[in-house]
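A.B. asks: Submitted below is the structure of interest, expressed as structure tokens.
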Amino acid sequence: MNQQKGLWKLACAAFAMLSMALIAGCDQGGGGEVGSKGEGKSNDATAKVAKLAFVTSGTSEFWKIAGAGVHKYEQEAKIQVDIKAPPNGTPEEQNQILESLASQGYDAVAVTVLAPNDQVTVLNKVAEKVKLITFDSDAPKSNRLLYIGTNNYEAGKVLGNEIVKLLPNGGKMAVFVGMFAVDNATQRLKGIQDVVTAHNIQIVDKREDNADRAKARANVEDIINAHPDLDVATGLWSYNGPAIISAVEALGKKGKVVPAVFDEEDATLSGIENGTVACTVVQKPFQFGYLASKWMHDLATKGDAAMAAIPPSKMVDTGVDVIDKENVAAFKARLAELKK
């Protein structure tokens, strides 16, 4: 009997030791991503599961292209990036999204800032809790770490030079946008003005629509009716191009009022193909999404090494292209591939 009790105790002890070994084995490697060399060490910074968010200024085809860039990086890095959009495109909605993300323990957030001056306080509060970067529309007065996107002043100059080609002897133009206070709009307009004013081209009116699509078209109709000698209508945001096209065609002004705009909305590209639109200056929204996701991921997981990699200018310029009737077909084909 004593011998049986001894054997039972030995069996229990062996089972306990085996159980502890199994538990310890399950704990090795932790959760989240495996290290870059496959070590799977829980104390390796690259093994951290990062909470990342990409915050747009609203909903449009433009942001779908940026979203495709986000998804491309997600697939490559095997991570998740949450895409958030203020439904009505207002700074207040965007502030609520940013504050919510900061309170939910996100590690890094990328945002295209709707009101750079007015949102500095909120942005700085968010930057205290997360690695904050901007894209498309910057907030240089804030504590953001990096801006990814277009040098909007230079992009404005590019479109300004295209307008000079349309009006070599001078003329009249009008400018339309959601909000002129947004950094990308401010810088684009300044670039256009610095080019066209030296060539006897007058900006006779400027209108903002606060991201209201119906108002965007109504603004164009009002200006065309008020200025029968208007030559060029320029839209600074993506949806302004289609709004201008609709108004020009509805008023029978095709060929008389020529749109020269920004971004690659489907209606804008169709307008170039059918001769309504002279040209559009396109950014690289796919790159916005891809590069913003990569930088967020690096900043969230690589610590000082990622911080040291930020360029001294704190800017990554993704550049622009001019699309006109000569290259629109090739551009549309390339865009279709990106959207895949």
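A.B. asks: Nearest 5 percent is fine: what portion of the DSSP beta bridges confined to the chain is antiparallel?
C.D. replies: Values: 3 of 36 bridges.
Rounded to the nearest five, the antiparallel share is 10 percent.
A.B. asks: By per-residue mean of other Cβ atoms within 10 Å, what is the highest-first order of 59-69, 231-241?
C.D. replies: On the way: 59-69: 20.4, 231-241: 27.5.
Answer by packing, highest mean first, reads 231-241, 59-69.
A.B. asks: If you keep only loop residues by DSSP, which chymotrypsin sites (Phe, Trp or Tyr not before Pro) in region 113-194 have at most 16 other Cβ atoms within 10 Å of their Cβ?
C.D. replies: Of the chymotrypsin sites (Phe, Trp or Tyr not before Pro), the ones in loops of region 113-194 whose Cβ has at most 16 other Cβ atoms within 10 Å are Phe180.
A.B. asks: Within region 128-184, which trypsin sites (Lys or Arg not before Pro) sit in a loop by DSSP and count at most 15 neighbouring Cβ atoms inside 10 Å? Don't skip to the end; give the middle numbers.
C.D. replies: Numbers: sites: Lys129, Lys131, Lys141, Arg144, Lys157, Lys165, Lys172; in loops: Lys129, Lys141, Arg144.
The qualifying sites are Lys141.
A.B. asks: Restricting attention to region 105-172, which GluC sites (Glu not before Pro) occupy a DSSP loop and are surrounded by at most 11 other Cβ atoms within 10 Å?
C.D. replies: For GluC sites (Glu not before Pro) across region 105-172 that sit outside H, G, I, E and B with at most 11 neighbouring Cβ atoms in 10 Å, the list reads Glu128.
A.B. asks: Going by amide H atoms built from the backbone, whose H comes under 5 Å of the H on Thr150, apart from near neighbours?
C.D. replies: Here Asp136, Thr318 satisfy the definition.
A.B. asks: Which whole-number percent gives the relative contact order of region 152-282, counting Cα pairs below 8 Å spaced six or more residues apart?
C.D. replies: Values: 258 pairs, mean separation 33.2, N = 131.
Once divided by the residue count of region 152-282, the mean separation gives 25 percent.
A.B. asks: Taking Cα pairs under 8 Å and at least six residues apart, what relative contact order does the chain come out at, in percent?
C.D. replies: Numbers: 646 pairs, mean separation 62.5, N = 340.
Dividing the mean separation by the residue count of the chain yields 18 percent.
A.B. asks: Hey, another quick one. Tell me, what HN-Hα J-couplings in whole Hz come from the Karplus equation 6.51 cos²θ - 1.76 cosθ + 1.60 at θ = phi - 60° for each residue of region 115-127, using x for Gly and Pro?
C.D. replies: 9, x, 6, 6, 9, 4, 4, 5, 4, 5, 5, 5, 5
A.B. asks: Using mean Cβ contacts within 10 Å as the protection proxy, how do 181-190, 279-288, 85-94, 249-258 order, highest first?
C.D. replies: The peptides rank, most packed first, as 279-288, 181-190, 85-94, 249-258.
A.B. asks: Something else about it: If you restrict to DSSP beta bridges whose two residues both lie in region 152-282, what percentage is antiparallel, to the nearest 5?
C.D. replies: 0 percent
A.B. asks: Mind sorting out which of [x] -0.55, -1.45; [y] -0.54, -1.30; [z] -0.49, -1.49 is the real log10 I(q)/I(0) by the Debye sum over Cα atoms at q = 0.09, 0.16 Å⁻¹ computed from the coordinates?
C.D. replies: [y]
A.B. asks: Mind scanning Lys64/Lys131; Lys284/Lys314; Lys157/Lys254 and naming the pairs with a C-alpha gap bigger than 21 Å?
C.D. replies: Working: Lys64/Lys131 24 Å; Lys284/Lys314 18 Å; Lys157/Lys254 25 Å.
The answer is Lys64/Lys131; Lys157/Lys254.
Here, each number is a calculation from the coordinates, and none is a lab measurement. Being a predicted model, the structure only gives us computed values, none of them experimental. Note: ideal-geometry Cβ built from the backbone for every residue, glycine included; neighbour counts use all protein chains shown.
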